[in-house]
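In what follows, a single structure is set out as C-alpha cells and then discussed.
The values are calculated or read from the model by the stated rules, or taken from the named source; none is laboratory data. Being a predicted model, the structure only gives us computed values, none of them experimental. Cβ placement follows ideal geometry from the backbone for every residue including glycine, while neighbour counts extend to all protein chains displayed. The protein model used for the area step is the full one, side chains on, heavy atoms only, and it has no ligands, DNA or RNA in it. Shrake-Rupley method; radii C 1.70, N 1.55, O 1.52, S 1.80 Å.
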Amino acid sequence: MNFNNILVNQQENIATITINRPKKLNALNRDTIVELHEAFKTLGKDASVKVIIITGSGDKAFVAGADIAEFSNFSVKDGSKLALKGQKKLFNYIENLSTPVIAAVNGFALGGGLELAMACHFRVASENAKMGLPEVSLGVIPGYGGTQRLPQLVGKGRANEMIMTAGMIDAQKALTIGLVNYVVRQEELVPLCEKLASKISNNSSVAISYAIKAINAGFSSDTDGFKEEIKAFGDCFGTSDFKEGTTAFLEKRKANFE
Ligand code: COA
C-alpha cells in the first residue's frame, strides 16, 4: 500500500499504521482521513492481519487534531458534512472493524487525535503523552465522536470537565481515569503494543470479531447489547475456531486458529 500521509507495514500478523506528517504534528487533514480509511479497509479484509496498531510519527505527537487550517472558513453545511463523513469513514469505521485496533499514543492526542485514539479498541500511552479535547477553545465542539466516546470511557463528569475546560491531561491522569490502559516509557510503547497484539493474535479472530460486535452493540441506542451477545455466542458454535479451541483444550494442546 502506497500513501502520501501514512505508512503501513506488517510483521507476521500485526500491521502498524503510522500517521506521517510530523511537521504538522500529524494533524488529520482530508487526505490523511481518506488514506486511513483505505488502509483500515484493506487491512480489515486481510485475513493474515490479526491486529492493527496505529501511532504517530516522531516523538512529539500521536495526532494534534483535525487540520485547523483546512476548516477555518467552513460554513454550517460544510461543518456538519465534515463531521458526518469523518465519523462514517474513519472513527465509527475503526470502532466497528472486526480486527482489533490498538492506539499507541506517543505524544499529543488532541481533538480529532484523541477522538481517533478513542475510536480504537483500546489505548496505550507513552509517558510524554498529553490528551485533551480543546475544541471549545476554537469555538467548536468535538465532531468525530468525542462527546460520546469520552463519557463512555471516563464517565460524564470527567468528560464534561475535559471538554468544557479544553485542557490537557497527562498520561498518568489518563491512566487513572481509564482513558488509557498502560503508560510506559516512549521506547517501550510500540514493543508493549506488539506484545499485547501478539497475545491477541493467538486467540480466535472470529470470536474476537463477535466480541467487538457485542460490546459495541451495548453502546448504541439502536441495538441491544445483551441480544447481540446471545446471537454472537450462538454463532460461535458454528465456527471451525470453536471446534479447534474446544478440541485443543480437551486434547491438552495449544489451539491453532486459522
Ligand atoms: N491543525 C493544523 N496544524 C497543526 C495542528 C492542527 N490541529 N496542530 C499543530 N499544527 C501545526 C502548527 O500549525 C505548526 O505548523 P507550522 O510549523 O507550519 O507553523 C506545527 O504543527 C507545529 O506545531 P506548534 O504549534 O508549532 O508546536 P508546539 O509544540 O508549539 O505546540 C500544540 C504543540 C499541540 C500544543 C499546538 O500545536 C496546538 O495547540 N495544536 C492545536 C491543537 C488543537 O487545538 N487541536 C484540536 C483541533 S480541532
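Some values worked out for this structure:
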| item | result |
| --- | --- |
| Selection count, segment 75-91, where residues are open to solvent by 70 Å² or more (accessible area, probe 1.4 Å) and of a type in the set (A, V, I, L, M) | 2 |
| Verdict on Lys243 being out of contact with any strand residue (DSSP E or B) (no Cβ under 8 Å at 6 or more places or on another chain) and under 23 Å from Gln11 (Cβ atoms) | no |
| Qualifying residue in segment 223-243 (condition: open to solvent by less than 100 Å² (accessible area, probe 1.4 Å), under 19 Å from the mean Cα position of the chain (by Cα) and of a type in the set (S, T, N, Q)) | no |
| Top-ranked residue in segment 10-39 [being within 16 Å of the ligand (Cβ to nearest atom) and more than 20 Å from Pro142 (Cα to Cα); ranked as surrounded by the most Cβ atoms within 10 Å (Cβ to Cβ)] | Ile19 |
| The listed residue being closer than 19 Å to Glu95 by Cα and either modelled with pLDDT under 95 or touching a strand residue (DSSP E or B) at 6+ places or on another chain (Cβ under 8 Å) (or both), out of Ile212, Ile200 | Ile200 |
| Test: residue in segment 94-111 that is open to solvent by 10 Å² or more (accessible area, probe 1.4 Å) and part of a helix (DSSP H, G or I) | yes |
| Single residue of segment 118-141 satisfying the filter (within 13 Å of the ligand (Cβ to nearest atom) and open to solvent by less than 10 Å² (accessible area, probe 1.4 Å)) that is farthest from Lys213 (Cα to Cα) | Ala129 |
| Neighbours by Cβ (under 9 Å, 6+ apart or cross-chain): first from segment 51-65, of a type in the set (S, T, N, Q) and part of a loop (DSSP other than H, G, I, E, B); second within 11 Å of the ligand (Cβ to nearest atom) and open to solvent by less than 10 Å² (accessible area, probe 1.4 Å) | Ser57/Asn26 |
| Conditions (1) of a type in the set (Asp, Glu); (2) in contact with a helix residue (DSSP H, G or I) (Cβ under 7 Å, 6 or more places away or on another chain); (3) closer than 24 Å to Ser209 by Cα: number failed by Glu12 | (2) |
| Residues that are open to solvent by less than 50 Å² (accessible area, probe 1.4 Å) and either at pLDDT below 95 or closer than 15 Å to Leu36 by Cβ (or both), drawn from segment 56-70 | Gly56, Ser57, Phe62, Val63, Gly65, Ala66, Asp67 |
